[in-house]
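The values are calculated or read from the model by the stated rules, or taken from the named source; none is laboratory data. Everything quoted here is computed from the prediction, not taken from an experiment. So basically every Cβ, Gly included, is an ideal-geometry build from the backbone, and we count neighbours across all protein chains shown.
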Amino acid sequence: MKLVELGVKGFRSLVDIQGIPIRKQTVLTGHNDCGKTAVLDAIAFLLDEPAVEIHFGDLSHFGDCEADEVQPRPEAQEICVEGAFELSDQEAQQHALASPLLIRRRFTPDGKTGLEAKLPVCGDVRLRALDCMNLADLKELALSVGVEATGRTTAKASWLEPLQQYAAGLDTVMEWVSAPAEIQDIMPGMVYFRGDAAESPETVVRSILTAKLRDYAKNESTLKKITELEDEFGELLKADADRLRRQVEKRCGLDSLSLQPRIQFKPSVGAIEMTASINGQREVPLKSAGAGRSRRIALALWESTRDLLETAEAIPNEEAPPRRDIVIAYDEPDTHLDYEHQRRIMKMIETSSRASHSSVIVATHSLNLIDGVDIQDVVHLGSSDGQAEIQSLTAQGTDKEVRRFMSNMAASLGFRNSVLLHEKCFIGVEGPTEYAAFPRLFRIAMGYPIQSAGIALWSCGGNDGSLKFAKFLKEHKRTVAFIVDRDSKRDKQKFFNDDRLSINGFKPAECIYLGNPNEFEDIFSGELWARVANDKWPHKEAAQGRVWTAQEIDALRREPKFSHGLHALFRNGSEDAPPKKEQLVGFLMEYIEKPSDVPEALHSVFKKAISIAEDAGPHPWDEDD
């Protein structure tokens, strides 16, 4: 079971923040006090990590009120952390669950917490929690729904079993219910390296060993022993619980009250004592050692995490416990570390995230760590009036979203705007059509965002200012190239023709031409254009069975300007066609979903662009410059 998405309400600055993606490797970034640690603590609370305790003071102090209100803002009524969990095929089949499974843990001001799962339950509320009913209630319920006992009428099972069978045949609804023990048992574990862990290797060891201890506790024979202990203590409490039940019934005038305590033992490593010696000196407790030694030991422990967590050795003479997923969380692991140690942490995080059963989430300000992952794996946190806000680059993010995301992230980290210009290379495209479409097409074709290739894309828009900007970059030893329609070679009126580029100091090799044969729009097949048109811009005579065909679209390729002919065809033949030619490709993008959908001509163009970016880099100035 893997945690794939998180939502938090009422927890510190996380007043109401939803849709936090949890990937194999996730980096949380943002300015101080924006909620990064709160997100990690929320995950720890959800997964019942013992290192994090939730208190009344963790309730958000923000409510719905006007900004100019004099009275202090009310506190949240509860803390609720909800996760979406992806199940393996085996888990879904074994427990009859649908994926993703929603699970939440709540905390109320009275200190109570509870784990709930959203599960299908009987639509008749009377037939839920039958196990908790006493004999009299079961008889009365059976009478009301027309169910008869299957055995002795004085035996609870004689009424419970037929009622359960009856309930199983009714319609179900999705409701939040107390999470069954079998769901709790397969939830991911967590290894949490908090911000102060570098000063406390004992904390690191306790976190790692507790995660392993809980794995070992899932062994069949060990689980049986724990269950026997739970049953034993449950029997010891039975008389006490019954005494409480009778007192409440008497004092409150109740006809009946059900009170059944559930005992649950969760193994945990209570304390760790560590001593160390060096250069033949006597051993001393790490608490008495220097901070530098503690940091080095903690880092070594972090680096050993993957090997320890992946160990699948069986307990002697017993079957190995099933391996459960692990969330490894680091809160600013780079604090007070030099670049070399930061690189070690980057390698450690990357290695840990590659394990099949683990995911890693890191809260950091480190530019090294942020630059070391795909930008889609970076979650940026900001704040407004003290409340956290999230900006995450989703897989379907537009280029505009990418640029806004990067700009906000840079501002929060204290970047100068000029730092955003330090890409490997800059590629100009002719206009807004290509500028809007290329990022999505590149991501689908190549499998990662165009920014991750070190390419800064900009729309030249057919004006001299953009060409002057390109010339300026090149004069300052930056790598610049263009992707333009192939008909630019022969069209002297086009902005990007060979003569104009040559005048401004660009060589033909610095211009990548696109078209089949002439322009961007004609690289897409007639079949695809017909499919888009029939879905988006039905023919005026669609009621009479008239549809757009690939043949009539391919016939336009003989015209001097395919895109103009295509737009005119749809405008004249449909009342729903877009008013501007540039909008055509935007609709077509919805139908590009996998690499094979991207025309081969674009694959070739993107590979050339990547090659240019890979060859780009610092260019030394000539001695004469």
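Just checking, which of Leu115, Leu163, Leu141 is out of contact with any Phe, Trp or Tyr (no Cβ under 7 Å at 6 or more places or on another chain), surrounded by 13 or more Cβ atoms within 10 Å (Cβ to Cβ) and not in a helix (DSSP H, G or I)? Sole residue among the options that is out of contact with any Phe, Trp or Tyr (no Cβ under 7 Å at 6 or more places or on another chain), surrounded by 13 or more Cβ atoms within 10 Å (Cβ to Cβ) and not in a helix (DSSP H, G or I): Leu115. Considering only the range 63-93, state which residues are buried (at least 19 other Cβ atoms within 10 Å of the Cβ) and modelled with pLDDT under 85. Of everything in the range 63-93, just one residue is buried (at least 19 other Cβ atoms within 10 Å of the Cβ) and modelled with pLDDT under 85, namely Ala76. Condition check for Leu299 on (1) at pLDDT below 65; (2) farther than 30 Å from Ser352 by Cβ: one failure, at (2). Note on the range 238-266: residues that are surrounded by 13 or more Cβ atoms within 10 Å (Cβ to Cβ) and more than 21 Å from Leu138 (Cβ to Cβ) amount to 2.
Hey, any hits in the range 540-556 for a residue that's among the aliphatic types (A, V, I, L, M) and outside any helix (DSSP H, G or I)? Within the range 540-556 (the criterion being among the aliphatic types (A, V, I, L, M) and outside any helix (DSSP H, G or I)), the answer is yes, since at least one residue qualifies.
I'd like to know if the range 94-107 contains one or more residues that are at positive phi and either at pLDDT below 95 or in a strand (DSSP E or B) (or both). Yes, the range 94-107 contains at least one residue that is at positive phi and either at pLDDT below 95 or in a strand (DSSP E or B) (or both). Leu501 fulfils the conditions (1) closer than 18 Å to Ile592 by Cβ; (2) in contact with a Cys (Cβ under 9 Å, 6 or more places away or on another chain) except for a single criterion, (1).
With respect to Ala577, is the statement that it is in a helix (DSSP H, G or I), hydrophobic (A, V, I, L, M, F, W, C) and either closer than 23 Å to Arg440 by Cα or out of contact with any Phe, Trp or Tyr (no Cβ under 9 Å at 6 or more places or on another chain) (or both) true? Criteria not met by Ala577.
This table checks each residue for (1) under 30 Å from Ile208 (Cα atoms); (2) in a loop (DSSP other than H, G, I, E, B); (3) more than 44 Å from the chain's Cα centre (by Cα).
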residue: Glu228; (1), (2), (3): yes, no, no
residue: Lys238; (1), (2), (3): no, no, yes
residue: Arg243; (1), (2), (3): no, no, yes
residue: Ser256; (1), (2), (3): no, yes, yes
residue: Pro261; (1), (2), (3): no, yes, no
residue: Pro267; (1), (2), (3): yes, yes, no
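Here is a check on your reading of the model: is Glu510 in the same structural domain as Pro432 (by TED's automatic domain parsing), in contact (Cβ under 8 Å) with a residue 24 or more places away in the chain, of a type in the set (D, E, K, R) and surrounded by 14 or more Cβ atoms within 10 Å (Cβ to Cβ)? When the stated conditions are applied, Glu510 passes them.
Can you work out which of the residues in the range 172-226 that are part of a helix (DSSP H, G or I) and of a type in the set (Lys, Arg) is modelled with the highest pLDDT?
The extreme case among them is Lys225.
State whether the residues of the range 74-83 include one that is part of a helix (DSSP H, G or I) and of a type in the set (A, V, I, L, M). No, every residue in the range 74-83 fails to be part of a helix (DSSP H, G or I) and of a type in the set (A, V, I, L, M).
The residues of the range 580-603 that are out of contact with any Leu (no Cβ under 9 Å at 6 or more places or on another chain) and assigned to a helix (DSSP H, G or I), listed by number, are Gln583, Val585, Gly586, Phe587, Glu590, Pro595, Ser596, Glu600, His603. Selection of first residues in the range 105-126 that are touching a residue at least 12 places away in the same chain (Cβ under 8 Å) and of second residues that are of a type in the set (Val, Ile, Thr) and assigned to a loop (DSSP other than H, G, I, E, B), restricted to Cβ pairs under 6 Å at least 6 apart or on distinct chains, gives the following pairs, ordered by first then second residue: Phe107/Ile54. The single condition among (1) surrounded by 18 or more Cβ atoms within 10 Å (Cβ to Cβ); (2) of a type in the set (A, V, I, L, M); (3) over 46 Å from the mean Cα position of the chain (by Cα); (4) closer than 26 Å to Arg245 by Cα that Ala149 does not satisfy is (4).
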